[in-house]
Amino acid sequence: MTNYDITIDKEKFILSPKDIASLDIVPIGNRQFHALRCNRSYKIKILNTDFTNKTMTIEVNGISYAMVLADEYDQMVHKMGLLTSKTHKINSIKAPMPGLIIDIIATIGQKLEAGTPLIVLSAMKMENIITSHGEGIIKSINVEVNDAVDKGQLIIEME
Amino acid sequence: MKENIKALEDKIAKAKLGGGQKRIETQHSKGKLTARERIHFLLDEGSFEELGTLVTHRTKDFGMGKQIFYGDGVVTGYGTIAGRQVCVFAQDFTVFGGSLSETHAEKICKVMDMAMKIGVPIIGLNDSGGARIQEGVRSLGGYADIFHRNVKASGVIPQISAIMGPCAGGAVYSPAMTDFTLMVENSSYMFVTGPNVVKTVTNEAVSSEELGGAMTHATKSGVTHFTAENDLECISQIKELIGFLPQNCEEVPKPLPYSLNTEIREKLETIIPENANQPYDMRHIINEIIDESPFFEIHKHYAENIVVGFARLAGKSIGIVANQPLSLAGVLDVNSSKKAARFTRFCDCFNIPLLVLVDVPGFLPGTDQEWNGIITNGAKLLYALSEATVPKVTVITRKAYGGAYDVMNSKHIGADLNYAWPGAEIAVMGAKGASEIIFKKEIDSAEDPEAKLKEKEEEYAEKFANPYSAAERGFIDEVILPYNTRRKLISAFALLENKVVHLPKKKHGNIPL
Amino acid sequence: MEIKKILVANRGEIALRIMRTAQNMGIKTVAVYSDADREAPHVRFADEAVHLGNSPSSESYLNMDKIVEAAVQTKSHAIHPGYGFLSENAVFAQLVADNGITFIGPKPHAIKVMGNKLAAKEAVKTYNIPMVPGIEESITDISLARTVSEEIGFPILIKASAGGGGKGMRVVQQPSELQEQMERAISEAKAAFGDGSVFLEKYIESPRHIEIQILADTHGHIIHLFERECSIQRRHQKVVEEAPSAILTPEIRAAMGEAAIKVAKACDYVGAGTVEFLLDSDKNFYFLEMNTRLQVEHPVTELITGIDLVEQQIRIARNEKLAFSQENLSMKGHALEVRVYAENPLDNFLPSMGTLETYKRPEGKGIRLDDGFEEGMTIPIFYDPMLAKLITYGKDRAEAIQLMISAISEYKIKGISTTLAFGKFVCEHKAFTSGNFDTHFVKNFYTPELLHQQYTEEREIAAMVGLKLFLEHQEQLKLPDYKNSNWSLKRTKG
C-alpha cells in the first residue's frame, strides 16, 4: 500500500488510501463536504486545488489549511538528496581570449564563488572582467599587470 | 478470467521492476533515478500510457535465451506534459545496462513513428551502455533505424534528448541530430570513443568526465545545450523547454495569458555604461525587455559571446539571439556563429519569432579563427538569419560595425523591423580605426599626430558613430527611446503575427556546413 | 463652548470610532495622516484630511507642532487625541490649549501628575485610597530598601518610577535576593528610561487587574461607570478584557468606584479617565495608577451601560453638565473584548507583515467590531500592530463568551497571522470560563503547542480530504487538448 506524506503547517501526516476509505464523508454540493469522525462534526470546504504541484487549500470548520502532498516518488527523491543543490568546484581559470592584463582584482587565498570578479583583460579595445565560473580557493595567480596572454593561457590556479 | 488477470498483473509487476530491486538500488546509489521514475516526474501524474511493456528480445546466442526481461531495457509510451501530448522513451539501465538490441530499437522506432503520425514532440531519456554486443550487427541496424527517423522527424516535431547516463559510440548520433540535448552532471557522458581506446591510440590519458562529461560538452564542444545537477533538475528543464515550443511545425507555440500595462521600462536607460569601452551584460537588457517569467537561456556556457534562448513577450514565446559585450566584447567568431545559427534555424522550423539584439564590434581576428573557418562558419549565421521566414525584429543597442552589422539580422537580409537606440553606432568600423585609415596623410604630417588623430576621430565619430546614416536610408525603421523598447517590440511582434513569406522553391538550400 | 469641528490626532480603529460618534453628533471631522496611511479608512471617512508627513510616528502622529498647525489650518475647534501617541502628553495638551483649541481630555496638570506613578500616589495620599504597601519615594540605598522590605513583607516588587511595560520590574521572593535584584532593576531602568529610580511595593501574588471607568465634567460632577476586568495580559499588554468582572461583589464594586472618584478628584480631573487597581486573592484592592485618556477597551463599558463614552467626552469638553448621576447608572448584560493583533501566536507573537488578502468581518446581534482596515490593505510597519477590537455582548457572561467564540470563527483574515486563534484559546479555557484567573493566566496556561494542538484533529481531517481529492483526481481519465490542432488539416496532402 503506498503511503502519502501530507504536510500542513510543518506538521506531517502519513496516510494511505486505506485510511481515506474509512473516512465517513459526504458531499453536500458546491465543493463542500461533511465529515464525521469519533462523533465530531467537520464542515469542509475546498478552497483551492493544484494537482500538478500537489498542493491544496482546504477549510475545516472555518479555518483554512494549506497542504503539500508527497507521494512515494517525492519521498524517495527527498531521501536521495536530489532536492538539495550541490557546489561546483573548479581547478583553474584560463584566459578566455587573447589580450592584455590591465588589473588583477583577486588575491591569493581568496575564496571564490561563481561570478566572483578576478581580472580585467583588455581585448578588442574592450575591458573585460573575467569572473570565476565555479568555487574554490586561489592557490596562485600566474600573471601580472601588463602581461599579454593567449587564449587558454593559465591565469589562476585553484587549490 | 480471474487467473488470467492475475497472470497479467504478475507480468506487469515483473516488468516494472526492470532488472530487479538490487539493480534499482544500485542506480539510486549513484544518485540516478530509474527509467520509470524519470517518466513519472516528467509526465503529468497518471497520464503515462506505456506501450510494449512486455516486449522481450529474440536472441538465443551467448546464453541470452536464459535472460529474458520484459521491456528489454527501454520504457516507451505516451503521456502529457502540462496537458500537452508527448511521446517518450526512457532507457532502463537496470536491464542489460540499458543496451540497445533489435527489439529495444524497435520499441523506440515505434514510438517515434507514432509521434510523427500525430505530430507531437518526442522526448528521449538516454541511459545506456551502448550497443548490446551479443546482438552484433542487429544492434547497429537498430541504431541506424533510429537515426533515419531522427532525420525524417527533424524540423517536423521537436525532438529532445536528455543524457542521463552513459551514451557512447554510435549511440551519440541520435542526440546529436535532435533539436536539444541535456546532460546530467557527474552521472552522464557522451563520446564516440571512450578513454580506454583513446589511451591506446593517441596515448592521451583522460577520464570519462573530462573527455565527454556534462561540463566538457557544455563549454568546449557545445554538444550539450543544458547541464543539470541531477535527474530532477534535468527533467524540470525539459518541461520548461517544452513550454516554449509548439507541438509540431504546423503550429505556433501556445501563448500564455498576459494583461498589458504601459510596458515602459525606465531601467533600460541606465544599463549601457557611459564609457564606450566598458562592457555590460546583455542579459540585463533582455530581462528588462521580456515578461516577468525568466529568460530561458540555452547553451549558456558555450560561446559566451553570444546569448541565445527563449523568453516570453506579452505571453508570446520568442527566440532571442543577442551579442554579449561581457565576453570577448561581443564579437562574432566560429563558435558563436554556429551556436546562433542552429538556434535560429530551430526557431524557423517551429514558427518561433526571432528577436535579435545587436552590440557587435565585428568578427574576432586571428589565425585561430581564420584557420578554423570563421569565413564559412560566420556565413552560417548570415545564412540562417537570411533564410528564416518567421517574424524577425532587430534592436541595435550600441555597436554594429562592418560585416557583423550585415550578419546580425540587418534589414537587407530580411528582417521585418529594425530599431536602433540613440547611442547606436552603425558604421564600417570604430571611429579610431576609420580615422587612422582615412586621415592617414593628415595625421602623419601633423605636428602632434596623436592630437590630430584624436581630432579626426571626434570628427568621424560625430558624423558616423550614430544610427542616423542608417536611419536616413531606411536601413533602420525607427530610432527608439530605450525605455520604450518593450512597448515597440510587443507591438512589432503583434503586427507580424500572421506573417507569410515564401522562399523560392527548392529541394533545400546548401548552407555552408 | 461650541465644538463644531474636531481634529482626531490619531489613526486606525480609534480615529474611525471617534469620528463616527462626532458625525452622529453633527460635528465635522478632520483626519491627519502619514504617507503610509493615505488610503486608510479614517482618512476617507473624515470631512477633511491633513497630510502630516513621512510614515514614522515621530514625523507624523507624534509631531505636536504639525498636528496643532493642522488644527489651526482647518479651523478645528477641538482636538481628540485618542489613545497612545500624544494622548497623555502634558506638553501637547498645553500646546493645544495655548493655541486656543479645546483639548478633549483633562487639563495638562492632571496629565502630568498622573503620568508619574510616584507623583500619582503622592497626590491621592490624602484621600485614603488603598494602595499597595510600599515605599513612596524612589530608592537607591540598599539598607533602606531592606528595612522597607521587612516592613512591607516579602515577596516584594521593584518597579521603575519612570516607566512601565515590565522594564525595571523585578520580583524578590527572599531577603537574600534583594541586593542583587535591586542592582539589576536600577541598571535596567536606567537603560530603558534614562532614569534609574525604582520604588518598592508589596508583590501581589495572583493579582487581578481591574480598572474603573470614570467621567468628570467641568461642573464638579464625577461618576464611575463600573469596572473592567483586564487580567488576561501577555507581557503586560492587555489581550482580553470584559465588563463586568466575574468576581466582584456589589460592595467591592461600590468601594472601588468611590475610590476611583476620589482619585479623579485628587487631580481635578475632567473628561473620561480610568483608574487602575490590583485585586489580590482576598479581594483587597489597591490603587495602581490612573490613565488620563480614553482606553482601548472602553467599548465593553459602553455596551453594559448603554453610554457612548466619546460622546460624553465631547459634551464635557463643551462644558455641558453630565446628563446622568451615579444613581441613574446601572449595568446590564456582559461584554467581552478580544484585541486582534497582527502577530503570530505560534511564533512568539512576532509581528506579521503583509496584505489583507481576505478580510471578512463577523456580523450579527451582539457583535461589535472596531477596526481600521479593509480587505486589500497592507499593514504598515510603522505603528502598533493592533488590527481591531472584537467585542461581543450577551445577556450574561456565558453568552458573551459563546458569541465571541463563534464571532472569531466567522472573522476571516488571510494574508497575515493574527492573534484570533489565541483569543479563541482563552475563551475556551476552563480557567477563563470559570472566572478563576489572574494576570498570570497566559504564563500558566498558554504554550504555542497547545494552540497548535487545538486544531490537530481538524488538520488531520483536512489532510485526509486532500488525499481523497487527489486520489479521485488521479482516477479520473484526462485527455490532452487535441481539438485545436492544425496538424491533420495541414498534412492531409502529405
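See the values below:
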{"item": "Hey, B:I39 aliphatic (A, V, I, L, M) and in contact (Cβ under 8 Å) with a residue 60 or more places away in the chain or not", "result": "yes"}
{"item": "Breaking point among (1) over 20 Å from B:A329 (Cβ atoms); (2) surrounded by fewer than 23 Cβ atoms within 10 Å (Cβ to Cβ), for B:P391", "result": "(2)"}
{"item": "Condition check for C:L489: under 30 Å from B:V86 (Cβ atoms), surrounded by fewer than 14 Cβ atoms within 10 Å (Cβ to Cβ) and either touching a strand residue (DSSP E or B) at 6+ places or on another chain (Cβ under 6 Å) or more than 7 Å from every other protein chain (Cβ to nearest Cβ) (or both)", "result": "yes"}
{"item": "Strands (runs of 3 or more DSSP E) contained entirely in segment B:131-221, each with at least 2 residues that are farther than 16 Å from B:P121 by Cα and aliphatic (A, V, I, L, M)", "result": "B:180-184"}
{"item": "Segment B:458-476, residues that are of a type in the set (A, V, I, L, M), under 15 Å from B:I438 (Cβ atoms) and part of a helix (DSSP H, G or I)", "result": "B:A461"}
{"item": "Condition met for C:G494 (modelled with pLDDT under 85 and either among the small types (G, A, S) or not in a helix (DSSP H, G or I) (or both))", "result": "yes"}
{"item": "Total residues in segment A:99-138, condition of a type in the set (D, E, K, R), at pLDDT below 80 and within 23 Å of the chain's Cα centre (by Cα)", "result": "2"}
{"item": "Among the residues listed as B:E455, B:E370, the single one being in a helix (DSSP H, G or I) and closer than 27 Å to B:I511 by Cβ", "result": "B:E370"}
{"item": "Matching entry among C:A342, C:A388, C:A335 (being of a type in the set (A, V, I, L, M, F, W, C) and modelled with pLDDT of 95 or more)", "result": "C:A335"}
{"item": "Check on C:Q453, closer than 30 Å to A:L23 by Cβ and at pLDDT below 90", "result": "yes"}
{"item": "Number of positions in segment C:386-418 that are surrounded by fewer than 20 Cβ atoms within 10 Å (Cβ to Cβ) and not in a helix (DSSP H, G or I)", "result": "6"}
{"item": "Subset of segment C:189-216 [over 23 Å from C:K238 (Cα atoms) and crowded, with 19+ Cβ neighbours inside 10 Å]", "result": "C:G196, C:V198, C:F199, C:L200, C:A216"}
{"item": "Enumeration of residues in segment B:325-341 that are within 14 Å of another protein chain (Cβ to nearest Cβ) and crowded, with 24+ Cβ neighbours inside 10 Å", "result": "B:P325, B:L328, B:A329, B:G330, B:V331, B:L332, B:S336"}
{"item": "Qualifying residue in segment B:49-69 (condition: within 14 Å of chain C (Cβ to nearest Cβ) and closer than 26 Å to C:H473 by Cα)", "result": "yes"}
{"item": "Residue list for segment A:18-30, filter: over 11 Å from C:V465 (Cα atoms) and either of a type in the set (S, T, N, Q) or surrounded by 14 or more Cβ atoms within 10 Å (Cβ to Cβ) (or both)", "result": "A:S22, A:N30"}
{"item": "Members of segment C:429-453 found to be closer than 21 Å to C:A400 by Cα and surrounded by 14 or more Cβ atoms within 10 Å (Cβ to Cβ), listed by number", "result": "C:H429, C:A431, C:F432, C:T433, C:F437, C:D438, C:T439, C:F441, C:V442"}
{"item": "Residues of segment B:118-174 satisfying the condition of being of a type outside the set (D, E, K, R) and in contact with a His (Cβ under 8 Å, 6 or more places away or on another chain)", "result": "B:G142"}
{"item": "Scope segment B:433-454; condition within 46 Å of the chain's Cα centre (by Cα) and either among the acidic types (D, E) or buried (at least 17 other Cβ atoms within 10 Å of the Cβ) (or both); matching residues", "result": "B:G433, B:A434, B:S435, B:E436, B:F439, B:L453"}
{"item": "Matching residues, segment A:60-77, being more than 27 Å from B:H28 (Cβ to Cβ) and more than 8 Å from chain C (Cβ to nearest Cβ)", "result": "A:A66"}
{"item": "Criterion: at pLDDT 90 or above and surrounded by fewer than 22 Cβ atoms within 10 Å (Cβ to Cβ) - qualifying residue of B:E210, B:E274", "result": "B:E210"}
{"item": "Close pairs (6 angstrom Cβ cut-off, 6 or more residues apart or separate chains): at pLDDT 95 or above in segment B:298-321, part of a strand (DSSP E or B) and of a type in the set (D, E) anywhere", "result": "B:G309/B:E297"}
{"item": "Residue count for segment C:35-54, restricted to those that are crowded, with 23+ Cβ neighbours inside 10 Å and either part of a loop (DSSP other than H, G, I, E, B) or of a type in the set (S, T, N, Q) (or both)", "result": "1"}
{"item": "Subset of segment B:237-279 that is among the polar types (S, T, N, Q) and touching a residue at least 60 places away in the same chain (Cβ under 8 Å) - its residue that is farthest from the other protein chains (Cβ to nearest Cβ)", "result": "B:T262"}
{"item": "Which numbered condition B:V197 misses (of (1) aliphatic (A, V, I, L, M); (2) surrounded by fewer than 17 Cβ atoms within 10 Å (Cβ to Cβ); (3) modelled with pLDDT of 95 or more)", "result": "(3)"}
{"item": "Matching residues, segment B:415-458, being more than 14 Å from chain A (Cβ to nearest Cβ), in contact with a helix residue (DSSP H, G or I) (Cβ under 6 Å, 6 or more places away or on another chain) and charged (D, E, K, R)", "result": "B:D416, B:K452, B:K456"}
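Quick grid of which residues meet (1) assigned to a loop (DSSP other than H, G, I, E, B); (2) in contact with a helix residue (DSSP H, G or I) (Cβ under 7 Å, 6 or more places away or on another chain); (3) crowded, with 24+ Cβ neighbours inside 10 Å:
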site	(1), (2), (3)
C:T218	yes, yes, no
C:E227	no, yes, yes
C:S231	no, yes, yes
C:A255	no, no, no
C:E258	no, no, no
C:L288	no, no, no
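So that you can scan it fast, the table gives a plain yes or no per residue for (1) among the aromatic types (F, W, Y); (2) within 14 Å of chain A (Cβ to nearest Cβ); (3) touching a residue at least 24 places away in the same chain (Cβ under 8 Å):
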| position | (1), (2), (3) |
| --- | --- |
| C:E357 | no, yes, yes |
| C:I367 | no, no, yes |
| C:P380 | no, no, yes |
| C:Y411 | yes, yes, yes |
| C:T418 | no, yes, yes |
| C:V426 | no, no, yes |
| C:H440 | no, no, yes |
| C:F445 | yes, no, no |
| C:A463 | no, yes, no |
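So that you can scan it fast, the table gives a plain yes or no per residue for (1) at the interface with chain C (Cβ under 9 Å from one of its Cβ atoms); (2) within 25 Å of B:F41 (Cβ to Cβ); (3) of a type outside the set (D, E, K, R); (4) not in a helix (DSSP H, G or I):
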| site | (1), (2), (3), (4) |
| --- | --- |
| A:T7 | yes, yes, yes, yes |
| A:I14 | no, yes, yes, yes |
| A:K18 | no, no, no, no |
| A:G29 | no, no, yes, yes |
| A:L36 | no, no, yes, yes |
| A:K43 | no, no, no, yes |
| A:T49 | yes, yes, yes, yes |
| A:T52 | no, yes, yes, yes |
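The values are calculated or read from the model by the stated rules, or taken from the named source; none is laboratory data. Being a predicted model, the structure only gives us computed values, none of them experimental. Positions of Cβ are backbone-derived with ideal geometry, glycine not excepted, and every protein chain shown enters the neighbour counts.
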